[in-house]
Amino acid sequence: MKIIIGSKNPAKINAVKNCFTENHEFVDLDIPSGVNEQPFSDEETIKGAINRAIGALQHGNGDIGIGLEGGVQETSYGLFICNWGALVCNDREPIIAGGARIPLPEEVAVRLRAGEELGPVMEDYAKSKNVRKQEGAVGIFTNGKVNRSEMFTHVMNLLVGQYKRSR
């Protein structure tokens, strides 16, 4: 089976590979999300994941397309990180799953509300490069207990489980 991943981000690629135990071919493509650089709601983040999955399947000529997208969601308790994934194949509607959420510190949230993107803000906040390709905001704010790849692995397990159950 050929699985096309709609991202070149190592954290996302590792998450996909962690969840398929069979011997599959994996191809990663830089597929645009079709949403804002910083998705600012569950709806927008889900749409980005679906767009990446559909684009991956179309451009990669595979059996399954995977889209993973991180975003933020405003709540009455503050701004939370969110992450969503989509799995598509030619013969059915997209399978969707979401993952962990934690609140962002207000000093980070205020910058996102002002229009900045989480990745660069986190690099500045953590005084580190490539945060989004490594531990992610979740890794920094959980003191390394959960990293970005693990967070997306959870979403991928939810997607793959639904896919296998519905076959």
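Has region 85-103 got any residue that is open to solvent by 10 Å² or more (accessible area, probe 1.4 Å), more than 27 Å from Phe26 (Cβ to Cβ) and over 13 Å from the mean Cα position of the chain (by Cα)?
Within region 85-103, one or more residues are open to solvent by 10 Å² or more (accessible area, probe 1.4 Å), more than 27 Å from Phe26 (Cβ to Cβ) and over 13 Å from the mean Cα position of the chain (by Cα).
Could you list all residues from region 136-146 that are within 17 Å of Cys82 (Cβ to Cβ) and either open to solvent by 50 Å² or more (accessible area, probe 1.4 Å) or among the charged types (D, E, K, R) (or both)?
Result: Phe141, Val146.
Pick out the one residue from Asp30, Asp91, Asp63 that is touching a Lys or Arg at 6+ places or on another chain (Cβ under 6 Å) and within 18 Å of Ser166 (Cβ to Cβ).
Step by step, each of Asp30, Asp91, Asp63 is checked, and only Asp63 is touching a Lys or Arg at 6+ places or on another chain (Cβ under 6 Å) and within 18 Å of Ser166 (Cβ to Cβ).
Applying the selection to region 18-52, what residues are of a type in the set (Asp, Glu), within 13 Å of the chain's Cα centre (by Cα) and open to solvent by 40 Å² or more (accessible area, probe 1.4 Å)?
Residue satisfying the conditions is Glu37 alone.
Going through region 66-84 one residue at a time, which ones are in contact with a Lys or Arg (Cβ under 6 Å, 6 or more places away or on another chain) and open to solvent by 10 Å² or more (accessible area, probe 1.4 Å)?
Phe80
Output the qualifying pairs, or none if there are none: Cβ atoms under 6 angstrom, residues six or more apart or on different chains, first residue in region 120-135 and open to solvent by 80 Å² or more (accessible area, probe 1.4 Å), second residue polar (S, T, N, Q).
Lys133/Asn9
Consider Val108 carefully, then state whether it is open to solvent by less than 10 Å² (accessible area, probe 1.4 Å) and more than 17 Å from the chain's Cα centre (by Cα).
Yes, satisfied.
The values are calculated or read from the model by the stated rules, or taken from the named source; none is laboratory data. Every value quoted in this text rests on a predicted model; they were computed, and no experiment measured them. Cβ atoms come from the backbone with ideal geometry, glycine included; neighbour counts cover every protein chain shown. Side chains included, ligands, DNA and RNA excluded: accessible areas come from the protein's heavy atoms. Shrake-Rupley method; radii C 1.70, N 1.55, O 1.52, S 1.80 Å.
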